[in-house]
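Here is the structure we will look at, set down as structure tokens.
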Amino acid sequence: MFGHKLIYTNFSLDSSMDILTKPLALYAHVPFCKAKCTYCDFYSIVGKEKEIPAYLRRMIQEIENAGSHWDLSAYHVDTIFFGGGTPNLLSPAQLDMLLFALLRLTANNSAVEIGMEVNPGEVTLEALQAYKSIGINRISIGMQSFQPELLKFMSRIHTVEQSLETYKMVRQVGFENVSADLIFAVPGQTLQLWESDLKRLIALDPEHISTYSLTVEEGTVLKRWVDDGHIHMLEDVLDTDMYSFGRDLLEAHGYKNYEISNFAKPGFQCRHNLNYWTGVEYLGFGPAAHSYFDGRRHWNVRDLEKYMNLVDISGEPQDGFEDIDQITTKNEMILTRLRLSEGLSLQEYFSAFGEDLLEEKQAQIKKWDHHLRIQDGHLMIARSAWSLIDEISSDLMDAMP
């Protein structure tokens with residue numbers, strides 16, 4: 001169907017090659033949306049779909065420039081994710097071109113997890129069939145709720161029926177790794193409504209479920225509503241109760257809570273997100289995309305027009321960068337690993353920094369003794385204390401100079 005399918009196949013080599021190279025995660029940001037959700041602080045733009053071809057040319061140029069700039073001979077592509085925004089606003093042929101450019105970055109690619117977000121009601125059966133044919137193998141559906149009034153509050157433009165129909169089509173074309181998102185602690189939501197949403201999603205039987213507490217982010221419509229006093233967020237105790245209830249219900253139905261907000265059946269954890277949480281290097285492309293590579297973190301400009309102009313002028317659409325020193329690396333390892341149910345490997349920490357974390361942080365660990373556990377050589381936060389992860393992690397981090 002698409003011109004690069006055969007070439008994509010040529011990049012799928014024997015998985016034994018991956019043992020000799022380091023994993024690399026790739027992210028492509030698609031900033032276009034049909035509507036802006038009240039809570040969303042990701043960079044996205046509405047009503048600019050006519051700019052997609054121009055944006056696509058620049059992103060492919062950015063990817064090709066990265067391939068020339070970085071020595072990627074020691075890497076293999078492990079995961080690719082198309083996020084946004086709304087990636088399904090790109091046609092299958094456009095996604096195919098992007099995928100081809102991304103896979104060309106390294107020579108040794110096999111068993112790559114290639115995921116994309118789709119919005120309910122915005123994707124057709126034919127498009128889903130085409131996505132699968134070009135190599136997409138993981139679909140994440142932004143359902144958010146099965147309550148019409150809550151969808152309206154969040155400015156979601158899909159209906160409950162469209163969520164169900166989109167899920168049905170995803171299964172119909174043969175996707176076997178499907179994730180769905182739900183949001184809790186929404187003003188007007190009760191524990192009973194949250195239970196209803198969870199049970200309805202569990203009945204659909206996706207392989208992966210993400211649950212996110214609604215947070216008030218700077219620059220969002222929700223932030224303005226809250227500041228103006230038009231909206232009052234739910235109390236923290238109800239937020240925590242919803243999280244705990246959801247975690248227990250999902251785990252009772254076979255979804256392991258492997259990361260604070262993420263639940264999966266065995267073997268279906270999101271590899272792409274795990275790469276972020278376990279320190280795998282990644283390259284991001286498109287406006288507002290972030291990268292972490294070769295000891296440096298850099299990020300692109302958060303403006304589509306500026307992004308395209310910079311690619312044209314210099315090929316470098318970066319807005320800033322920071323070199324990651326040892327203290328930052330240590331602190332980020334603590335922060336990200338403690339988000340995982342398996343916790344932080346004390347041996348990995350010692351190998352990386354030559355320090356015994358339990359010895360170095362005796363006072364802090366004693367302070368949180370009732371909320372921490374050590375099991376199989378890992379330091380982890382007790383299930384009952386996951387709501388305290390920010391406070392505990394901050395205490396265990398080194399002070400920045």
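Listing for the model above:
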read-out: Solitary cysteines of the chain, where the nearest other Cys Cβ is not under 4.7 Å; value: Cys33, Cys270
read-out: Long-range HN-HN contacts of His76 with modeled amide H, under 5 Å; value: Lys22, Leu24
read-out: Taking the C-alpha atoms of the range 344-396, convex hull volume expressed per residue in Å³; value: 72
read-out: Using a Förster distance of 25 Å, the FRET efficiency for Glu348-Asp395 (Cβ separation, nearest 0.05); value: 0.80
read-out: Estimated [θ] at 222 nm from DSSP helical runs (n ≥ 4, -39500 (n - 2.57)) normalised by residues in the chain, nearest 500; value: -11500 deg cm²/dmol
read-out: Antiparallel bridge percentage (DSSP; both residues within the range 5-277; nearest 5); value: 15
read-out: Answer label, with Cα extents along the principal axes in Å calculated from the coordinates and candidates (1) 76, 47, 40; (2) 59, 52, 42; (3) 62, 61, 52; value: (2)
read-out: Per-pair calculated FRET efficiency, R0 = 51 Å: Ile202 and Phe321 via Cβ, rounded to 0.05; value: 0.75
read-out: Net +/- balance of residues flanking Tyr276 in space, Cβ distance below 14 Å, scoring K and R +1, D and E -1; value: -1
read-out: Separation between Cα centres of the range 24-70 and the range 241-280, rounded to whole Å; value: 27
read-out: At 0.692 mPa s and 37 °C, Stokes diffusion of the range 150-306 via Kirkwood alpha-carbon radius, µm² per second; value: 182
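No lab work stands behind these numbers, since they all come straight from the coordinates. Predicted model, so just to flag it, every value in this text is computed and none were measured. Neighbour counts run over all protein chains shown; Cβ positions are idealised from the backbone, glycine included.
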